[in-house]
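The next block holds one structure in the form of structure tokens; read it before the comments.
FYI, it's all coordinate maths here, none of it is from the lab. A quick note: this is a predicted structure, and the numbers were derived from the prediction, not measured. All Cβ positions, glycine included, derive from the backbone under ideal geometry; neighbour counts span all protein chains shown.
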Amino acid sequence: MVLRLLSYWREWCGDAAYPSFTQVDPTRMAEIWDYSFVLDIVGHEDNPIVRTVGSEFQNYLPQTVRDCALTDVPAASLIEHAASYYHEILDRGVPISRGGEFIKYDGMKVLYRSIILPMSDDGSSVSGLLGAANCREVPSD
């Protein structure tokens, strides 16, 4: 899934440094969209706002986090881990993928792989971030 989203992102870029959210068609990437999230960073660079959370992400959250500041999302949740390195994307201006594991709020161990992609309203400066993650729960050691 991470590589497919990166492939879409590269296609959307065309000749621009960054693609626009207007190019994102959730119906074309339905298999990824449910595992996606959008972070609004304009005016919130130090603490992005979660604007969209896919339905599969919601399964790994004890509460709704749409329109919450990233620091207000529940600890030990998939989005907390999947978005934890957003500042690196802002610093470097390139997509970055990470993986890892954590113990979910209900005690279940989760293995995940995530990607965050810089997006732009003007094609040259980052105005938001599109992220996605897939995961699986495994028995604790």
Item to check | Unique match (being buried (at least 18 other Cβ atoms within 10 Å of the Cβ) and under 22 Å from E11 (Cβ atoms)) among L117, L70 | outcome: L117
Next on the checklist: Can you tell me how many residues within segment 73-99 are in contact with a helix residue (DSSP H, G or I) (Cβ under 7 Å, 6 or more places away or on another chain) and either among the charged types (D, E, K, R) or closer than 23 Å to W9 by Cα (or both)?
Outcome noted: 6
Item to check | Residues (surrounded by fewer than 17 Cβ atoms within 10 Å (Cβ to Cβ), touching a helix residue (DSSP H, G or I) at 6+ places or on another chain (Cβ under 8 Å) and either small (G, A, S) or outside any loop (DSSP other than H, G, I, E, B) (or both)) located in segment 6-30 | outcome: S20, Q23
Next on the checklist: Condition first: of a type outside the set (S, T, Y) and touching a helix residue (DSSP H, G or I) at 6+ places or on another chain (Cβ under 8 Å). Now tell me which residues in segment 32-44 satisfy that.
Outcome noted: I32, D34, F37, V38, L39, I41
Item to check | Extreme residue, surrounded by the fewest Cβ atoms within 10 Å (Cβ to Cβ), among residues of segment 31-66 that are free of Cβ contacts under 8 Å to residues at least 12 places away in the same chain and part of a loop (DSSP other than H, G, I, E, B) | outcome: G43
Checklist outcome for this item: Considering segment 81-111, residues that are under 12 Å from the mean Cα position of the chain (by Cα) and of a type in the set (F, W, Y), and then whichever is nearest to L39 (Cα to Cα), we arrive at Y86
